[in-house]
Amino acid sequence: MVSSLQAFSRASLVRLRHLELKRNLDYAIPNVTNFQAYIRGVIARNDYHAWREHLHRSNYVAIILQALLRGVLIRRHFKEKMDYYCTNLSKVIKIQSLFRAKETREQYRQLTMGTNVSVGTIKNFVHLLDDSEADFHEEIKVERLRKQVVECIRENQALENEVNNLDVKVALVVDNAKKRKGADSVTTNAARVKLLAKHGDPFSGSSAVDHVARRKLELYQQLFYLLQTRGEYLSRLFLKLSLDNVPEPSRRFIERVVLALFGYGQDRREDFLLLKLLQASCLLV
């Protein structure tokens, strides 16, 4: 009985102390909260000041890292632009040439037909006014000399052809002398055709007007056009002639063939193509 009363009394005292402590804590909660907030603020400010001081101390390193990053980005962008430019280089060149040609034609039209021509247009064509009368006469002299050279080359070629024809005629005379005197003109013509064919005439014989000969003529025309426009073939031939020990008659024969192929440079087109051939040959050498 006494133990129960003692336990009951102790429990009452403990509950009273707990209620008193709870009331005190409830009363001190705002102060505790403010103290905790103050402590957190102090810790946060200390961390912030430490981080700021670290940034200020590492300012140079941060600038270097930013510069490196910007450099990587700019180089990557530049590389992409250059790759795109190199991929479309032919298109860019074509567009630029078309634009320059259009601009030049427009400026020339303004120069010849316009009234108020700009100073820039006059500067672009001022080189045309540098030609004097002496330059004009010099150009005429050069053209006349060029024609004389072409005529001399043609004359030499004609003489060589006549010599070759005389050789053929002599061969025909010798061949006819071996035959009977009563041979008619048909036999003579056949022997002549045979001899011409033996000398490499591709259109000799009675089939010169048939379909095969016409097709052969078309193929030769295509071959000549290809040799004129594609100078790398003849330039490689010239390089091989310069490296190999080719006899002099073969060299002269090839020179005559090339000059005849380009018409001795008499026309502007043939002159331009012949100059391109010589340029390609110089580049190979």
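So the check is Cβ under 6 Å with 6+ separation or different chains; which pairs have a first residue in region 140-154 that's under 14 Å from Asp267 (Cα atoms) and a second one that's at pLDDT below 80?
Val150/Tyr264; Val150/Gln266
Matching residues to (1) hydroxyl-bearing (Ser, Thr, Tyr); (2) modelled with pLDDT of 70 or more; (3) on the phi > 0 side of the Ramachandran plot:
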position	(1), (2), (3)
Tyr108	yes, yes, no
Thr115	yes, no, no
Val119	no, no, no
Ile122	no, no, no
Arg146	no, yes, no
Val149	no, yes, no
Cys152	no, yes, no
Val163	no, yes, no
Asp167	no, no, no
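With respect to His49, is the statement that it is outside the structural domain of Ile95 (by TED's automatic domain parsing), without any contact (Cβ under 8 Å) to a residue 12 or more places away in the chain and under 30 Å from Ile95 (Cα atoms) true?
On the way: outside the structural domain of Ile95 (by TED's automatic domain parsing): yes; without any contact (Cβ under 8 Å) to a residue 12 or more places away in the chain: yes; under 30 Å from Ile95 (Cα atoms): no.
Here the answer is no, as His49 does not meet what is asked.
The values are calculated or read from the model by the stated rules, or taken from the named source; none is laboratory data. Please read these numbers as outputs of a predicted model, since none were measured by experiment. Heads up, the Cβs are rebuilt from the backbone with ideal geometry, glycines too, and the neighbour counts pull from every protein chain shown.
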